[in-house]
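Asker: Attaching a single structure in structure tokens format; questions to follow.
None of the figures in this text is laboratory data; all of them are computed from the coordinates on show. These numbers were taken from a predicted model, which means no experiment stands behind them. When we count neighbours, we look across all protein chains shown, and the Cβ atoms used for this are built from the backbone with ideal geometry, even at glycine.
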Amino acid sequence: MKFQLLPSTFDENGCASARQHLSCFVIDDCVAIDAGSLAMATSSTQKKQIRDVVLTHAHLDHIAGLPLFIDDLFAKLEVPIRVFGTKEVIKVIERDIFNWDVYPSFSELKNEHTTVLEYRTFETNREFLVKHLRFKPIAVNHKVPTVGFVISDNNKTFALSGDTSEMDEFWEVLNVEKKLSALLIECAFPDELKELALVSHHLTPNRLKKELEKFTQKDCPIYVINIKPMYFDEVVRQVKALKIKNLEILKVGRVYNL
Ligand SMILES: [Zn+2]
């Protein structure tokens, strides 16, 4: 299994920046987790293959590319884009995005082959299949209903926290999983913005350290994601100063083979 965090933001030379605004992971070039930069940064192969998009939550930085992705592919689709989310998340994107005012209600539209958007609702703690992947959704602790996932194919398993602050259930699930090949966990704000992190339900490096003490798979590679772009350098410096074994910052655009 391989995964990649798609780029979303440019540096002053027009190249992909490590300072990410949007969140979109692609697994095996065919399944997306979140859709922040789905339309803007997918390769032509990914555009051809991705028809399944699994959402952690409905915040803009995680869904911004979804309407444009469907729009781009509208005439070509031979099967619908299937959007997986909890009922709370699907309610929000139907009400606030695909509402004819912000963008067309694609679930009501067809091209010459197919309906173009279908929803697949999932419930927390109930596994579901997407292509060759098994997803286990676990509620995490964010400002709005949000899930993290344990994702497996026949060989490997990895976990993704989604946007979150302190969690218990997530760790309880991970700690009884078979060996994980990677854990992706958020750390949005630097320690000096801990109040802002608290009210917006995000982690800081100090609180990330406390969270990782709850994780018993001590050899698992851990990658930090979801760093707010304006605080990237501070967060990276503070995360490195934690000197936690196997902990590094996830590289934007790099393909990670598990
Ligand atoms: Zn969020």
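Asker: What does the charge dipole of the chain about its Cα centre add up to, to the nearest 20 debye, if the Cβ of each Lys and Arg holds +1 and the Cβ of each Asp and Glu holds -1? Intermediate results must be reported in sequence, preceding the final value.
Answerer: On the way: 33 positive and 36 negative charges, 163 e Å.
Dipole magnitude for the chain comes out near 780 debye.
Asker: Answer with one residue from PHE149, ILE227, LEU133: the one whose Cα lies farthest towards the positive end of the charge dipole of the stretch 103-227, charges on Cβ with Lys, Arg +1 and Asp, Glu -1.
Answerer: Looking along the dipole axis, the top candidate is LEU133.
Asker: Any idea which of ALA16, MET1, HIS59 is furthest toward the positive side of the dipole for the stretch 1-80, if Lys and Arg beta-carbons carry +1 and Asp and Glu beta-carbons -1?
Answerer: Comparing the listed Cα positions along the dipole, MET1 ranks first.
Asker: Report the paramagnetic label zone for CYS15: residues of the stretch 237-258 whose backbone N is under 17 Å from a point 7 Å from Cα along the Cα-to-Cβ axis.
Answerer: 251-255
Asker: Also, I was wondering about something else. Any chance you could run the full-extension gain for ASN257 through ASN125? It's 0.36 nm times the residue separation minus the Cα-Cα distance, nm to one decimal.
Answerer: Between ASN257 and ASN125, full extension yields an extra 44.9 nm.
Asker: What do the square roots of 5 times the Cα gyration tensor eigenvalues come to for the chain, in whole Å, largest first, as semi-axes of the equivalent ellipsoid?
Answerer: For the chain, the ellipsoid semi-axes come out as 29, 20, 18 Å.
Asker: Sticking with this structure for a sec: List, largest first, the extents of the alpha carbons of the stretch 1-99 along their principal axes, each in whole Å.
Answerer: Sorted from largest, the Cα extents of the stretch 1-99 read 39, 28, 27 Å.
Asker: Measuring from label point to label point, each 7 Å out along Cα→Cβ, what is the THR114 to LYS143 span in nm?
Answerer: 3.5
Asker: Give me the percent relative contact order of the chain, please, defined on Cα pairs under 8 angstrom at least 6 residues apart. Let's see the in-between values first.
Answerer: On the way: 554 pairs, mean separation 42.3, N = 258.
Value for the chain: 16 percent.
Asker: Please list the helices of the chain that count as membrane-span-like by this rule: a mean Kyte-Doolittle hydropathy of at least 1.0 together with Cα atoms stretching 20 Å or more along the helix axis, each helix being a complete DSSP H run.
Answerer: Helices meeting the span and hydropathy rule in the chain: none at all.
Asker: When ranked by the protection proxy of mean other Cβ atoms within 10 Å per residue, highest first, what sequence do the peptides 131-141, 182-192, 210-220 form?
Answerer: Values: 131-141: 19.4, 182-192: 22.1, 210-220: 14.2.
Descending mean neighbour count gives 182-192, 131-141, 210-220.
Asker: Pull up the cross-link candidates among the lysines for LYS110, meaning alpha carbon to alpha carbon under 16 Å and not fewer than 8 places away within one chain.
Answerer: Within reach: LYS76.
Asker: Among rounded, prolate and oblate, which fits the stretch 164-258 when a ≥ b ≥ c are the square roots of the eigenvalues of its C-alpha gyration tensor, a/c under 1.5 means rounded, and a/b larger than b/c means prolate?
Answerer: It is oblate, given that a/c is not under 1.5 and a/b is not larger than b/c.
Asker: Only loop residues by DSSP count here, and only those with at most 12 other Cβ atoms within 10 Å; note down the GluC sites (Glu not before Pro) in the stretch 1-110 that meet that.
Answerer: Details: sites: GLU12, GLU78, GLU88, GLU94, GLU108; in loops: GLU12, GLU78.
When the GluC sites (Glu not before Pro) of the stretch 1-110 are filtered for loop state and at most 12 Cβ neighbours within 10 Å, GLU12, GLU78 remain.
Asker: Tell me which chymotrypsin sites (Phe, Trp or Tyr not before Pro) from the stretch 1-107 have a DSSP coil assignment and no more than 10 other beta carbons within 10 Å of their own.
Answerer: Answer by residue number: TRP100.
Asker: Using 0.36 nm times the number of residues separating PHE232 and SER200, minus their current alpha carbon distance, what extension gain do you get?
Answerer: Numbers: separation 32, 0.36 × 32 = 11.52 nm, distance 1.72 nm.
The span from PHE232 to SER200 would gain 9.8 nm if fully extended.
Asker: Something else about it: In debye, nearest 20: dipole of the stretch 35-95 around its Cα centre with unit charges on the Cβ of K, R (+) and D, E (-)?
Answerer: So the magnitude is around 140 debye.
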